[in-house]
1. Mind listing whichever residues of segment 88-104 are β-branched (Val, Ile, Thr) and out of contact with any helix residue (DSSP H, G or I) (no Cβ under 6 Å at 6 or more places or on another chain)?
2. Could you tell me whether residue 38 is under 16 Å from the mean Cα position of the chain (by Cα) and farther than 14 Å from residue 68 by Cβ?
3. Which of the residues that make up segment 1-49 are hydroxyl-bearing (Ser, Thr, Tyr) and part of a helix (DSSP H, G or I)?
4. Name the residues in segment 66-87 that are out of contact with any helix residue (DSSP H, G or I) (no Cβ under 9 Å at 6 or more places or on another chain) and either closer than 26 Å to residue 18 by Cα or touching a residue at least 24 places away in the same chain (Cβ under 8 Å) (or both), would you?
5. List every residue pair whose Cβ atoms lie under 8 Å apart, where the two residues are 6 or more positions apart in sequence or sit on different chains, the first residue falls within segment 89-110 and is free of Cβ contacts under 8 Å to residues at least 24 places away in the same chain, and the second residue, located anywhere, is exposed (fewer than 10 other Cβ atoms within 10 Å of the Cβ) and outside any loop (DSSP other than H, G, I, E, B).
6. Quickly run through segment 1-57 and pick out the residues that are in contact (Cβ under 8 Å) with a residue 40 or more places away in the chain, surrounded by fewer than 19 Cβ atoms within 10 Å (Cβ to Cβ), farther than 26 Å from residue 96 by Cα and touching a Phe, Trp or Tyr at 6+ places or on another chain (Cβ under 9 Å).
7. Among the residues of segment 1-58, what is the count of those that are β-branched (Val, Ile, Thr) and out of contact with any helix residue (DSSP H, G or I) (no Cβ under 7 Å at 6 or more places or on another chain)?
8. I'm trying to understand the selection: among the residues of segment 9-47, which are within 29 Å of residue 78 (Cβ to Cβ) and hydroxyl-bearing (Ser, Thr, Tyr)?
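The values are calculated or read from the model by the stated rules, or taken from the named source; none is laboratory data. A quick note: this is a predicted structure, and the numbers were derived from the prediction, not measured. Neighbour counts are summed over all protein chains in view; Cβ atoms, including those assigned to glycine, are modelled from backbone coordinates with ideal geometry.
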Amino acid sequence: MKAFLKNYRQAPRKVRLVAGLVKGKTVAQAIAELEFLPKRASLPIKKLLLSAVANAKSMGIDENNLFIKELRVDKGITMKRMMPAAMGTGHRINKRTSHLSILLAEKVVVVKKSQPKVEKKVKAKTKAKK
C-alpha cells in the first residue's frame, strides 16, 4: 500500500511539518487532522493518503485496519531562478520541490487465548461445637 507524489512545488522543510503530525496515526485520524490543518501541504498529503487507501482497497484490505507506517518527505529538484538586484546584478532564487512517499500498514490484532480458569476451592471455616 504505497503512493508517491513527485516534484510537489513546496519546500521539504515546510512539508515535513505536516508529515510529522500524521505519521503513525490511523487513516481516519489522519484525514480528520488534515481536513482542518491550516497548512498548504495538508491538501496534497490528504490526497496522497486517499490514493494509498484506494491502492489498499484494490488489494482487498479493510480501510479501518490501516495506519500510516511511513511518510517520507525527500528533497526534489531545485529550480534556479534569478531576481534582479541593484546595479545591474542578480541574485539566485532557489525554488525547491519535494518528493513524498507514503506507506500504509495493517494493524495486527493479537487475540490472546485465555487459559482455562482453575476453580479454587475455598474451605469454609467451621466452628467445632463443644
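1. Matches in segment 88-104: 89, 93, 97.
2. no
3. 42
4. Within segment 66-87, 69, 70, 77, 78, 79, 80 qualify.
5. 90/83; 90/84; 91/83; 92/80; 92/83; 93/80; 93/83; 94/80
6. Matches in segment 1-57: 24, 25, 26.
7. Residues flagged as β-branched (Val, Ile, Thr) and out of contact with any helix residue (DSSP H, G or I) (no Cβ under 7 Å at 6 or more places or on another chain) within segment 1-58 amount to 2.
8. Residue satisfying the conditions is 42 alone.
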